[in-house]
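*Asks:* Just dropping this structure here.
The values are calculated or read from the model by the stated rules, or taken from the named source; none is laboratory data. The shown structure was predicted, so the numbers you read here are calculated from the model rather than taken from an experiment. Here the Cβ positions follow ideal geometry from the backbone for every residue, glycine too, while neighbour counts run over all protein chains shown. Ligands, DNA and RNA are excluded from the accessible area calculation, which covers all protein heavy atoms including side chains. Shrake-Rupley method; radii C 1.70, N 1.55, O 1.52, S 1.80 Å.
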Amino acid sequence: MRTSFNWPFSQNHLHIDGPETETYARWCFENFSPMAKEVLHETTWFFVIKRHSWLNPAIAKLFAYHIQQMQARLHIAIENGSLRAKLPPNLKINDHAEIIGAVICELLEVRDLDPSEVCNLDEVERHKQRATVAAQRKIA
């Protein structure tokens, strides 16, 4: 995957454009806990509206917080073969969780993942409509 944003995370052992990193990102996205999805659903929309994009280090860090909690589950998934990858990086050091979060952002930006899983899209749409109405009032 080619990145479309200059992410501010160090890429020592795990690289944003690495194919295995994308594998980790897809697995993490699909396996966020219900509580994580609820928290993300209620918080990410604000950052998406602010930037008009998923390409935002703050969103990657929101994902990273929940990804860090998945360390043991990630190991188990690799060991039992439900995730085909090498042993995962240590998600609590070296910006690894942030890098995986950034890949999730990249995949959401190109609509390769379903944003409705982790974002209140109704709130994003309401904001767009309010902004459109405000712009029309300025013109009139």
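*Asks:* Specify the angular offset, from 0 to 90 degrees and rounded to the nearest 10, of the alpha carbon long axis of helix 57-68 from the longest principal axis of the alpha carbons in the chain.
*Replies:* Helix 57-68 sits at roughly 40 degrees to that axis.
*Asks:* How far, in degrees from 0 to 90, does helix 19-30 lean away from the longest principal axis of the Cα atoms of the chain, to the nearest 10?
*Replies:* Tilt relative to the chain: about 70 degrees.
*Asks:* Expressed as a whole percentage, what fraction of the accessible surface of the chain belongs to carbon and sulfur atoms when a 1.4 Å probe is rolled over the protein heavy atoms? Please report the intermediate quantities before stating the final value.
*Replies:* Numbers: 4180 of 8100 Å².
Looking at the chain in its full context, I get 52 percent from C and S.
*Asks:* Where in segment 26-133 are there trypsin sites (Lys or Arg not before Pro) that are in a DSSP coil and have at most 14 other Cβ atoms within 10 angstrom of their Cβ?
*Replies:* Filter output for segment 26-133: R84, K86, K92, R111.
*Asks:* Further question on the same structure: Can you give me the solvent accessible area of D112 with a 1.4 Å probe, rounded to the nearest 10 Å²?
*Replies:* My reading of the accessible area for D112 is about 80 Å².
*Asks:* Go ahead and set up a Gaussian network model of the chain, Cα springs under 10 Å, then flag whichever of P115, P19, P89 fluctuates most.
*Replies:* P19
*Asks:* Next question, about the same structure. Bin width 10 Å, origin at 0, all Cα-Cα pairs of the chain: what percent of pairs per bin?
*Replies:* With 10 Å bins starting at 0, P(r) equals 12, 42, 30, 11, 4, 1, 0.
*Asks:* Mind grabbing the accessible area of H75 for me, 1.4 Å probe, Å², rounded to tens?
*Replies:* So the heavy atoms of H75 present about 50 Å² to solvent.
*Asks:* Measure nothing but the geometry: give the 0 to 90° angle between the long axis through the Cα atoms of 34-51 and the longest principal axis through the Cα atoms of the chain, rounded to 10°.
*Replies:* Compared with the principal axis, the helix lies near 50 degrees.
*Asks:* Hey, another quick one. How would segment 3-75 be classified by its alpha-carbon gyration tensor: rounded, prolate or oblate, with rounded meaning a/c under 1.5 and the a/b versus b/c comparison settling the rest? Walk me through the numbers on the way to the answer.
*Replies:* Working: a/c = 2.05, a/b = 1.06, b/c = 1.93.
Note, shape of segment 3-75 comes out oblate.
*Asks:* Would you mind getting the accessible area per residue of the chain, heavy atoms of the protein chains only, 1.4 Å probe, in Å²?
*Replies:* For the chain, the solvent-accessible area averages 58 Å² per residue.
*Asks:* Give the residues of segment 42-79 whose amide nitrogen is closer than 19 Å to a point set 7 Å from the Cα of D122 in the direction of its Cβ.
*Replies:* Counting backbone N atoms under 19 Å from the label point, the list is 42-49.
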